[in-house]
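Taken together, the values in this text are just the output of simple stated rules run on the coordinates, not laboratory data. Note that this is a predicted model, so its numbers are computed, not measured. Cβ placement follows ideal geometry from the backbone for every residue including glycine, while neighbour counts extend to all protein chains displayed.
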Amino acid sequence: MKLSAGKLRGIRRLAGPDGRFKMVAIDQRPPLLKGLAPKLAPRAPGYADLAEVKTLLASKLAADGSAILVDPDYGYSLAQGVIPADRGMLITLEDFNFEDTPGGRKTGVMKGWSVGKIKRMGADGVKLLLWYRPDAAKDVVAHQQKLVRDVGDACRKYDLPLLLELLVYPFKGADGHTTDYTEDSRKYPELVLQSLRDFAGPEYGVDIYKLESPLVAGDLPDPAKDSPETRAAQAQFDAIGKIIDRPWVMLSAGASMDVFRRVLTYAYRAGANGYLAGRAIWWPAFELFPDRAAMAAKLDTQARGYMTEINRLTADLARPWMQAPCMGGSAELAAAGHDFPSAYPAFEQAV
């Protein structure tokens, strides 16, 4: 497959030399602010508190992954100084404050932020988290789909890879409703899979998909055992690879370390190309705040040890991104040759 210069370079940077994505997420904001609140009471946590935590996470974990995902408001300004220059960098686009209506959630872009600014800062890709249910109200579905098309167009214009994160959620007023992301224990696999079908088309411009388990992660049977239950679970993950032909990675959704290992095993057997995970890696260390020394020690031992384990699992089982069906085993530069300077479009020429 031929890829534009920026997208090709960006994907390579995010994946690392072996072509497998081993990406650490530190862009979480509401969960961390809520986690800090009781530790800092009676005062509320602020920018400096969260920025310090994110900088510590980046300093300890970025070098062990192929790339890091960081938010521009709380994370980037301080953390950028400790992120190794030879690691890829994904930047968050969406505002964590979404519109929660009875018919579903509407995502928006962070105020004052844009794909163009992410390009200008020198990042390697754009991450858009989309709360999505195919059974939401028609106006909600239309809003969410238009947002992705618009962001996909902007990423084509600025020649940056787009990573789309799809999350199913409980409707407002339903049992278990929360504005945070916690895996819905009553989610139906078909909601996850149909959400993916809805954004599988080329009109959305998605380069990499970040996906949750189609089944409740904590209920997954041990993939090391062959049983009707493990075969049924594997079939749900295999369905993902039949819906999309582009690279995809798994998110940890706050799962425990053991549970996320199971998720990755099923996903890699289905053709996934790596992971983009946060809380499964560093949450136990975060819980030790405000003891910075204890946090650092936990990150150096447990978190980095866990990354070593899942990186080995990724190297053994995940497919390099060039083996995604749409790539046909290789990715080549579009418009390559002596005429590249004139054939490669300028920003104002790109569609």
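How much FRET efficiency would the formula 1/(1 + (r/R0)^6) give for Ile243 and Ala294, where r is the Cβ-Cβ distance and R0 is 51 Å, rounded to 0.05?
In this case the efficiency is close to 0.70.
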Legend entry - Separation of alpha-carbon centers, the stretch 1-79 and the stretch 103-137, rounded to whole Å: 16 Å
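Taking Rh as the Kirkwood radius computed over C-alpha pairs, what is the Stokes-Einstein D of the stretch 56-115 at 37 °C in a medium of viscosity 0.692 mPa s, expressed in µm² per second?
251 µm²/s
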Legend entry - Ranked packing of 82-90, 135-143, most packed first, by mean Cβ within 10 Å: 82-90, 135-143
Inset, instruction - Could you sort out which of Lys60/Lys172; Lys34/Lys157; Lys2/Lys119; Lys2/Lys225 sit more than 32 Å apart by Cα distance in this structure? - result: Lys60/Lys172; Lys34/Lys157; Lys2/Lys225
Legend entry - Furthest towards positive pole of dipole, Ala51, Leu163, Ala270, structure part the chain, Cβ charges: Ala51
Inset, instruction - Answer with one residue from Leu8, Ala335, Leu36: the one whose Cα lies farthest towards the positive end of the charge dipole of the stretch 2-343, charges on Cβ with Lys, Arg +1 and Asp, Glu -1. - result: Ala335
Inset, instruction - Out of all DSSP beta bridges with both ends in the chain, state the antiparallel percent to the nearest 5. - result: 10 percent
Legend entry - Partner aspartates and glutamates for Lys106 [C-alpha distance under 15 Å; skip if fewer than 8 residues away on the same chain]: Glu94, Asp95, Asp135, Asp139, Asp150, Glu165, Asp180
Inset, instruction - Give me the aspartates and glutamates in straight-line cross-link reach of Lys39: C-alpha distance below 12 Å, same-chain residues under 8 apart excluded. - result: Asp49, Glu287, Asp291
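Relative contact order for the chain: what percent, with Cα pairs under 8 Å and sequence separation of 6 or more?
This gives 20 percent for the chain.
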Inset, instruction - Binning at 5 Å from 0, report for the stretch 20-130 what percent of all alpha-carbon pair distances ends up in each bin. - result: 2, 11, 21, 21, 20, 14, 7, 3, 1
Inset, instruction - Obtain the nm distance between the two label points defined at Arg120 and Ser330 by a simple spin-label model: each point lies 7 Å from its Cα along the Cα-to-C-beta direction. - result: 3.9 nm
Legend entry - Simple Cβ-charge dipole of the chain, Lys/Arg +1 and Asp/Glu -1, about Cα centre, in debye nearest 20: 400 debye
Legend entry - the stretch 1-85 - convex hull of the alpha-carbon atoms, volume per residue in Å³: 107 Å³
Inset, instruction - Quote the charge dipole size of the stretch 11-51 about the Cα centre in Debye, to the nearest 20; the model charges only the Cβ of Lys and Arg (+1) and of Asp and Glu (-1). - result: 80 debye
Legend entry - Under Karplus coefficients 6.51, -1.76 and 1.60, residue-wise ³J(HN,Hα) of the stretch 327-338 in Hz, glycine/proline x: 7, x, x, 7, 10, 10, 6, 6, 6, 5, x, 4
Legend entry - Phi-based couplings in Hz for the stretch 298-312 (Karplus 6.51, -1.76, 1.60; Gly and Pro marked x): 5, 5, 5, 9, 5, 5, 5, x, 5, 4, 4, 5, 6, 5, 5
Legend entry - Label-point gap, in nm, between Ser227 and Ala200 - each point 7 angstrom along Cα→Cβ: 3.0 nm
Inset, instruction - Calculate the tail of P(r) for the chain: the fraction of all Cα-Cα distances greater than 31 Å, expressed in %. - result: 31 percent
